[in-house]
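Report on one structure; see the data block that follows.
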Amino acid sequence: MTPGSSVANLTALWAARDLRGVKTVVASSASHLSVRKAARILGLPYVEVGVDRGHRLDPAALPHDLSDACLVLTAGTTSVGAVDPLECCGRAAWTHIDAAWAGPLALSDQYRSVLSGVDQADSVAVSAHKGLFQPKESALVMFRDIEAAHGAISFGGAYLAAPNIGVQGSHGAAATLLLATLLAWGREGVAARIERCMDNARRLQAFIAAHPDLECFPDGGTGVTIFRPAPDRTDAFRADLPQSLASSATIGGDAWLRCVSANPNADMERIIAAIDKACRRTST
Ligand SMILES: Cc1ncc(COP(=O)(O)O)c(C=O)c1O
């Protein structure tokens, strides 16, 4: 476990560098800034490749030779929740999947297919403090070859009963809260809540798609809804929405609004009514 997905990504790229000798990090322009940060810390050049209209990495834009590269694919991009083509796994010396947002969908029979191909990765990062309902500083990094990875990122010392694994030295019992959640709700209970979040997003997207004054960005399939009034009056519209109902997102230089579906108990009637009301106010 790591205290967030930035550290999970750093840990994975560290293992990639030291186990496979990767010399560059390749990721899409929609990848999270922590990937660039990790490349910088590790002294690896960062190569950015383009995305398609839906913000997925464009495989045609990948460098031809990835034999000494760590390819980072994102499952649930930060702005729009898009999932990169995971079938690109295996094309590089090491493939890491930053599944900070979409990773927990693996627990749902209904939505697992969004992550199809994830099992081919060398490493996967998942934030528990996003889709697993944990307080902040809770994430996981998983490795295909755990023994080799631990060997690469562990340091022992005479004063330690067991070597430190990963970036952190002393730390608290990081898994306790996640364990308590899993014991209390079980895998089915967690999956049911994830599915409620996804159902909420689908409801919101259906409402926006049917609304004559709203436009929706293509759905990334992971519970992130990006929308705006059409024609664009996003700033005025946002000011009319209840605070924290939506965050702002700048996509291709344009202002959009973003609702991340991470609360299974969200009152969708109220949310939809508030958006509808702001729409009527802004258009008058
Ligand atoms: C795709 C993705 N990766 C990594 C991170 C970084 O996670 P953290 O803030 O837990 O370090 C984020 C945060 O939003 C993210 O969206």
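The values are calculated or read from the model by the stated rules, or taken from the named source; none is laboratory data. Note that the structure is a prediction, hence the values are computed from the model and not measured. Note that we place each Cβ from the backbone using ideal geometry, even for glycine, and neighbour counts take in every protein chain shown. Surface areas here come from the heavy atoms of the whole protein model, side chains and all, with no ligands, DNA or RNA. Shrake-Rupley method; radii C 1.70, N 1.55, O 1.52, S 1.80 Å.
Every test in (1) on the phi < 0 side of the Ramachandran plot; (2) surrounded by fewer than 24 Cβ atoms within 10 Å (Cβ to Cβ) is passed by residue 21 save one, and that test is (1). Checking each residue in segment 92-125 for being of a type in the set (Phe, Trp, Tyr) and surrounded by 24 or more Cβ atoms within 10 Å (Cβ to Cβ) picks out 94, 101.
Kindly check whether there is at least one residue in segment 137-145 that is part of a helix (DSSP H, G or I) and surrounded by fewer than 22 Cβ atoms within 10 Å (Cβ to Cβ). Within segment 137-145 (the criterion being part of a helix (DSSP H, G or I) and surrounded by fewer than 22 Cβ atoms within 10 Å (Cβ to Cβ)), the answer is no, since none of the residues qualifies.
Between a residue in segment 258-277 that is without any contact (Cβ under 8 Å) to a residue 40 or more places away in the chain and any residue that is open to solvent by 50 Å² or more (accessible area, probe 1.4 Å), which pairs come within a Cβ distance under 6 Å, given they are 6 or more apart or on different chains? Short answer, once both residue conditions are applied: 274/242.
Within segment 198-218, the set of residues being in contact (Cβ under 8 Å) with a residue 24 or more places away in the chain, surrounded by fewer than 18 Cβ atoms within 10 Å (Cβ to Cβ) and of a type outside the set (D, E, K, R) comprises 211, 218.
Open to solvent by 10 Å² or more (accessible area, probe 1.4 Å) and closer than 19 Å to residue 26 by Cβ: does that describe residue 67? In short, yes. What do you reckon, is residue 188 open to solvent by 40 Å² or more (accessible area, probe 1.4 Å) and under 20 Å from residue 111 (Cβ atoms)? So residue 188 fits the description; yes. Across segment 1-36, the qualifying residues are those that are hydroxyl-bearing (Ser, Thr, Tyr) and within 9 Å of the ligand (Cβ to nearest atom), and the one among them that is farthest from residue 175 (Cα to Cα) is 31.
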